[in-house]
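The values are calculated or read from the model by the stated rules, or taken from the named source; none is laboratory data. Please read all numbers here as calculations on a predicted model, not as lab measurements. Backbone-built Cβ (ideal geometry, glycine too); neighbour counts: all protein chains shown.
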Amino acid sequence: MTGPKVLLSAMVACASASPFLPRDVSGTNSTNTTSPFVYTNSFGLNFTQMNASLPNVTIFATGGTIAGTDSSSVATSGYAAGQLGVLELVNAVPQILDVANVAGVQIANVGSEDVTSAMHLQMAHEINKVVCGDPTMSGAVITHGTDTLEETSFFIDATVNCGKPVVVVGAMRPATAVSADGPFNLLEAVTVAASPLSRNRGALVVFNDRIVSAYYATKINANTLDTFKAPEMGNLGELISDIPYYFYPPVTPTGKTAFDVSNVEEIPRVDILFSYQDMSNDTLFSAIKHGAKGIVYAGAGAGGVSSNVDSAINFVVNKHKIPVVNSFRSANGEVPDSDIGNSSSQAIRIPSGYLNPQKSRILLGLLLAEKKNLTEIRDVFLGSTDD
């Protein structure tokens, strides 16, 4: 795995790449354009400056469908993700330069299944440095594949806490598809990141005209455009004609925990195990044997597991002091403390509350990176429950 320092050096190098193309102010391909000037800020980011009064936004690109291509213009499956670079993405949407002055950083160019905790840390470190640490920066955008987008956005929500918006965006159709959704999603993401109305709302997911809290957002459909939702909690706002409208004032989600990862170099391994009929406990012991420092169960109902797995959890918690979190395998719901907290007096039990398995895994990894003990971890997760 590439180390954090190597990745950081690569990011800085990418940040010094050529600026984006100037916009055509005539709205045509004529020669009636305004020549931009480029400035480099104190962190080495190059901005194509079209209007000094516009806010500054940095786009961090990781790949995914939004950067995907295919030889067929009707292909919405089987395409190659992560083929276009950040410059190509932004140059395809010149209207962005009417909204903000933008710089681009290419972190990776992969399908989101290949995004790692090392990349998460690099994004958090870099955003905290070049966005939070620069008073001239209004916000940031992360372009990302959709399959694991909610995990990255949850991590960023927990680790970037300066009040400036970080908007995570992607696409369900590759860039080469007829009516690709990526360009307009990207324009809306930059607009939201540039808006002062977006401050102090944590990380945001912007998709298909909706604005959703990263703390609650989840992908609810594997294929359709309208997929990122917070089904029980609802959207924070929407965009009409690229104008953001928020339904509520800024508020912190119940149970949200902020983390300082400035000195964190690695996130401990946490595995997710799925609950089902006839399940055995050997997958739990195998995960521990192969290096897992924490376990999350996607439990049946409100965190349920079989009797033999329940006994195995007792053993693992007591013998290895490894935290085990009970979450849910259903699309939505809650694992309250009353359902699993008193199921056994032999071991400390940790309910996930309203956090699904993938978000529980991110939170548990951050707590382990802070070297929290079992009781401290349980107390944090209890903040996400209703009892």
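Counting just the residues of the stretch 220-236 that are within 18 Å of G64 (Cα to Cα) and touching a strand residue (DSSP E or B) at 6+ places or on another chain (Cβ under 6 Å), which one comes out surrounded by the fewest Cβ atoms within 10 Å (Cβ to Cβ)? Break it down stepwise before answering.
Applying the first criterion (within 18 Å of G64 (Cα to Cα)) to the stretch 220-236 yields 220-228.
Now narrow it down to the ones that are touching a strand residue (DSSP E or B) at 6+ places or on another chain (Cβ under 6 Å): 220, 227-228.
Details: I220: 14, T227: 19, F228: 27.
The qualifying residue surrounded by the fewest Cβ atoms within 10 Å (Cβ to Cβ) is I220.
Among the helices (runs of 4 or more DSSP H) confined to the stretch 80-178, the ones with at least 2 residues that are in contact (Cβ under 8 Å) with a residue 24 or more places away in the chain and β-branched (V, I, T) are located at 86-91, 149-159.
I'd like to know if the stretch 336-349 contains one or more residues that are at pLDDT 95 or above and either closer than 20 Å to Q277 by Cα or not assigned by TED's automatic domain parsing to the domain that holds F228 (or both).
First, the residues of the stretch 336-349 that are at pLDDT 95 or above: none.
Within the stretch 336-349, not a single residue is at pLDDT 95 or above and either closer than 20 Å to Q277 by Cα or not assigned by TED's automatic domain parsing to the domain that holds F228 (or both).
Looking at the stretch 274-296, can you tell me whether even one residue there is farther than 17 Å from A369 by Cα, surrounded by 13 or more Cβ atoms within 10 Å (Cβ to Cβ), of a type outside the set (S, T, N, Q) and in contact (Cβ under 8 Å) with a residue 60 or more places away in the chain? The answer is no, given that none of the residues of the stretch 274-296 is farther than 17 Å from A369 by Cα, surrounded by 13 or more Cβ atoms within 10 Å (Cβ to Cβ), of a type outside the set (S, T, N, Q) and in contact (Cβ under 8 Å) with a residue 60 or more places away in the chain.
Of the set (1) under 14 Å from T62 (Cβ atoms); (2) at pLDDT below 95; (3) crowded, with 24+ Cβ neighbours inside 10 Å, all apply to Q106 but (3). Within the stretch 282-301, the residues that satisfy the criterion of being assigned to a loop (DSSP other than H, G, I, E, B) and at pLDDT 95 or above are H290, G291, A292, K293. Of A312, A331, all but one fail to be of a type outside the set (F, W, Y), assigned to a helix (DSSP H, G or I) and out of contact with any Gly (no Cβ under 7 Å at 6 or more places or on another chain); the exception is A312.
For the stretch 320-333, the criterion of being touching a Pro at 6+ places or on another chain (Cβ under 7 Å), within 16 Å of T254 (Cβ to Cβ) and modelled with pLDDT under 95 is met by at least one residue.
Among the conditions (1) closer than 25 Å to E238 by Cβ; (2) of a type outside the set (S, T, Y); (3) touching a Lys or Arg at 6+ places or on another chain (Cβ under 7 Å), G145 misses just one, which is (3).
Are any residues in the stretch 153-175 touching a His at 6+ places or on another chain (Cβ under 6 Å) and under 17 Å from A193 (Cα atoms), and if so, which ones? First the steps, then the outcome.
Filtering the stretch 153-175 for residues touching a His at 6+ places or on another chain (Cβ under 6 Å) gives 155, 168, 170.
Listed by number, the residues that qualify are V168, G170.
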